[in-house]
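Accompanying notes for the structure given below.
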Amino acid sequence: MKICMIGAGYVGLVSGACFADLGNTVWCVDKDKNKIDILNNNKIPIYEPGLREIVSKNYNSKRLKFTTDFSLAIKNSDIVFICVGTPTSNDGSADLKYVFNAAKEISKNINKFKIIVNKSTVPVTTGDKVEKIISKKVKRNNFEVISNPEFLREGEAIRDFRFPDRIVIGINNKKVLKKIEALYEPLVKKGAVFFSTNRRGAEIIKYASNAFLATKISYINEIANLCEKTHVNVEDVSLGMGLDRRIGGRFLRVGPGYGGSCFPKDTKAITVTGNQYKTNLSIIKSVIKSNNDRMKLLVKKVKKILLNKIKNKKIVFLGVTFKSDTDDMRGSSSLIMIPALHKNGAIIRYYDPSGKKKEFSKLKNVLFCNNISSTLQDADLVVIHTDWDEFKSIDFRKFLKNKKFKIYDMRNLYSPSKMIKLGIPYYSIGR
């Protein structure tokens, strides 16, 4: 099939490359000329394991193309995916200007029947509004707007596309549904469940799913707080809970809290939608508050570990992204912790495999190091913030010889008993 992806960001680029890998011809179009130039020079503007290889393979085979020409990309496609950002507005709602701008571009370039697929995360009724925008210039029988929310996890996006749990389609037109079923047939044959509902139903499914997963994360983090005070290992609690099939073990892992491009903005947006429809989504509001409170709690914990003597202490952060295998800083607890500790006079060094972060560039005593060794040098406290693989088997004694230091393991990567044997003061979460 001939496909156009409007937006060559995370969702558009990953989905476009994977659709091309299934044998389709895919145009990725974006207004950002710099991004398109980077992609046409066989480089990747985002960090995602395996993406470079799949983009390069399909670009070289001419199945994947990058352009800033919306007319060219849309007119040469049968199916047009809207994959643009929906950032958080000042009031917490989803900013839909990029979605509506995409709809206007589509309306100007419909030269034959088009299936318009909204893959961006949008509030319920957005599909109705997109349909209305396009209808101003195009007859209703020349297009169909459907919803197909994405469920890609950063760091595992290629796998999630190829082996999804489910494919959700919000649609009312049965003829169009058959074409979408054909598009996704290779994934259904691998075991994906193809589920269709109406358009508004699909829009709510995306938000409801993310809000529920955020709830699981916040829930187990609150249980971890209780475990610390009652001398119980939260990992045993997570395992015991997760063995119940009604609950499941996924997302019952303790840590700094949820972050990234989805959970923070989607939990806020769905509560705004609830308010608009006079529905109090009190559980989700509590989850948001719990996650925000957790980040403040982490700073207090660091201060407690250092006996409230923060000034001139050398604090090391191993990883600063919200999770491993991504360069995404959005919603990361490091954005709260590092500036707060810096304000208290700490000297901070950090290392992250995805590189230096502009978010800390204006903080005088916050320095990026190129490797673990230089980062750990003379550290008073080592904060394991992100669970990158290379942080899972560090010989701390080797790097910190004859130095009294402490470890705050926010991902529970190490065994407390082994650290005790090594004589290293070690603190983790919920243990």
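The values are calculated or read from the model by the stated rules, or taken from the named source; none is laboratory data. Source: prediction; values computed, not measured. For neighbour counting, all protein chains shown are included, and Cβ atoms are generated from backbone atoms with ideal geometry for every residue, glycine included.
Values computed for the structure shown
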quantity	calculated
Matching residues, the stretch 263-307, being over 28 Å from Pro149 (Cβ atoms) and not in a helix (DSSP H, G or I)	Leu306, Leu307
3 or more residues without any contact (Cβ under 8 Å) to a residue 24 or more places away in the chain and not assigned by TED's automatic domain parsing to the domain that holds Asn221: qualifying helices (runs of 4 or more DSSP H) within the stretch 340-431	416-422
The stretch 52-78 - residue that is farther than 15 Å from Gly9 by Cα and buried (at least 23 other Cβ atoms within 10 Å of the Cβ) and, of those, nearest to the chain's Cα centre (by Cα)	Asn58
Some residue of the stretch 90-99 being within 27 Å of Thr126 (Cα to Cα), touching a strand residue (DSSP E or B) at 6+ places or on another chain (Cβ under 8 Å) and either aromatic (Phe, Trp, Tyr) or surrounded by 20 or more Cβ atoms within 10 Å (Cβ to Cβ) (or both)	yes
Filtered residues of the stretch 75-99 (kept if farther than 19 Å from Glu150 by Cβ and assigned to a helix (DSSP H, G or I))	Lys75, Lys97
Residue that is in contact (Cβ under 8 Å) with a residue 24 or more places away in the chain, among the small types (Gly, Ala, Ser) and either touching a Ser or Thr at 6+ places or on another chain (Cβ under 6 Å) or not in a helix (DSSP H, G or I) (or both), where the choices are Gly201, Gly249, Gly260	Gly260
Output for the stretch 254-301, where each listed residue is of a type in the set (D, E, K, R) and either within 16 Å of the chain's Cα centre (by Cα) or modelled with pLDDT under 95 (or both)	Lys265, Asp266, Lys268, Lys296
The stretch 391-417 - residue that is charged (D, E, K, R) and either within 24 Å of Asn233 (Cβ to Cβ) or within 27 Å of the chain's Cα centre (by Cα) (or both) and, of those, surrounded by the fewest Cβ atoms within 10 Å (Cβ to Cβ)	Lys392
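Results for (1) among the polar types (S, T, N, Q); (2) under 30 Å from Pro264 (Cβ atoms); (3) assigned by TED's automatic domain parsing to the domain that holds Thr279, shown as yes or no for each residue.
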residue	(1), (2), (3)
Phe81	no, yes, no
Thr88	yes, yes, no
Ala102	no, yes, no
Ile134	no, no, no
Asn142	yes, no, no
Glu150	no, yes, no
Ile167	no, yes, no
